Ligand code: ATP
Ligand code: FE
């Protein structure tokens with residue numbers, strides 16, 4: 001069977017066709033980065049309108065690239081939250097129309113479950129596994145024991161790392177999304193020049209904090225500007241490299257603790273990383289080394305499947321569908337939808 005997956009919860013309009021045999025037949029992503037570039041962040045109204053305008057094109061392209069028609073699709077999966085409500089609503093309404101028109105089952109998917117189940121699509125991981133989900137809006141360790149069985153082992157108590165990357169880029173005059181831009185700059189920089197804080201790193205538990213890092217970065221930047229009148233390219237690269245090193249250290253250090261906790265609770269030794277920040281090569285290298293040291297198998301999806309995409313939604317949809325779970329026309333768009341309370345298919349009024 002083939003599943004069509006739609007994603008529109010943030011600033012990417014995406015559609016993909018994925019098979020039950022874990023094949024990604026197509027995956028199209030329309031980034032809205034250019035539309036939001038002048039605003040220094042995603043503008044919800046602009047995002048919602050752009051999704052509404054582009055969903056049919058992106059679906060058409062995904063079907064064409066996969067070489068199939070809508071009739072050959074088994075079911076339509078769509079992100080039903082969490083995210084910017086206008087965008088989620090655009091996707092849910094579009095998917096309802098598509099499913100009803102073609103007489104196909106509709107499957108509402110939690111966007112975070114999409115990220116967290118991606119290693120099952122890309123590497124066929126068996127349950128249970130430890131997941132570090134690290135993205136634009138989230139950062140958490142999850143024990144993943146089933147398609148809807150997520151236990152949170154810890155996570156950020158303030159900002160998400162992706163957010164920190166984006167703010168860092170903004171502070172340094174780099175383009176959005178900040179992650180790739182900061183990573184690129186960091187390749188030319190000295191990660192040891194600035195000794196940025198590693199909050200909570202020596203504390204027990206798996207909780208993390210990233211908001212102090214942002215403040216430290218701003219202070220370091222302002223100090224250079226005060227002393228020298230401005231930032232050189234080398235200053236900027238060093239700031240990026242030192243920032244990235246701090247984020248990677250915190251995540252890697254806490255991952256060591258999470259692996260210990262996970263082995264104790266679940267008796268398994270597999271770890272995977274997912275979400276947009278998982279595209280970061282320095283982080284991936286640090287995590288892989290820590291995993292190897294702890295005797296864990298390490299999985300990181302290809303970069304294009306770490307950031308938002310339709311394939312992860314199609315796959316998470318399939319995981320629900322094969323358990324006989326579908327939604328009907330009452331499927332609601334939910335701005336907030338924590339993963340560790342994903343117990344049953346969400347029907348009705350949402351929230
Ligand atoms: P969420 O999934 O939490 O709802 P989101 O969908 O906006 O948030 P993703 O698309 O999963 O987040 O990830 C986007 C985030 O990943 C952005 O903050 C971006 O800066 C960050 N990111 C992307 N590539 C990299 C990279 N190479 N290094 C660091 N961060 C990155
Ligand atoms: Fe995401």
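What the table below lists for this structure:
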item: Count - residues of segment 7-26 that are touching a helix residue (DSSP H, G or I) at 6+ places or on another chain (Cβ under 7 Å) and within 14 Å of ligand 1 (Cβ to nearest atom); result: 7
item: Any hit, segment 162-182, residues being farther than 30 Å from residue 282 by Cβ, away from ligand 1 (no atom under 15 Å from the Cβ) and surrounded by fewer than 24 Cβ atoms within 10 Å (Cβ to Cβ); result: no
item: Sole exception among (1) assigned to a helix (DSSP H, G or I); (2) under 20 Å from residue 275 (Cβ atoms); (3) touching a residue at least 40 places away in the same chain (Cβ under 8 Å) for residue 152, by number; result: (1)
item: Qualifying residues in segment 33-58 (those that are free of Cβ contacts under 8 Å to residues at least 40 places away in the same chain and touching a strand residue (DSSP E or B) at 6+ places or on another chain (Cβ under 8 Å)) - the one surrounded by the most Cβ atoms within 10 Å (Cβ to Cβ); result: 50
item: Residue among 101, 137, 108 that alone is at pLDDT 95 or above and either within 16 Å of ligand 2 (Cβ to nearest atom) or surrounded by 24 or more Cβ atoms within 10 Å (Cβ to Cβ) (or both); result: 108
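Rundown of residues vs (1) modelled with pLDDT under 95; (2) more than 15 Å from ligand 2 (Cβ to nearest atom); (3) buried (at least 24 other Cβ atoms within 10 Å of the Cβ), yes/no style:
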site: 267; (1), (2), (3): no, yes, no
site: 271; (1), (2), (3): no, yes, yes
site: 282; (1), (2), (3): no, yes, no
site: 287; (1), (2), (3): no, yes, yes
site: 304; (1), (2), (3): yes, no, no
site: 310; (1), (2), (3): no, no, yes
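The values are calculated or read from the model by the stated rules, or taken from the named source; none is laboratory data. Just so it is clear, the structure is predicted and the values come from calculations on it, not from any experiment. Glycine gets a Cβ as well: all are built from the backbone with ideal geometry, and neighbour counts include every protein chain shown.
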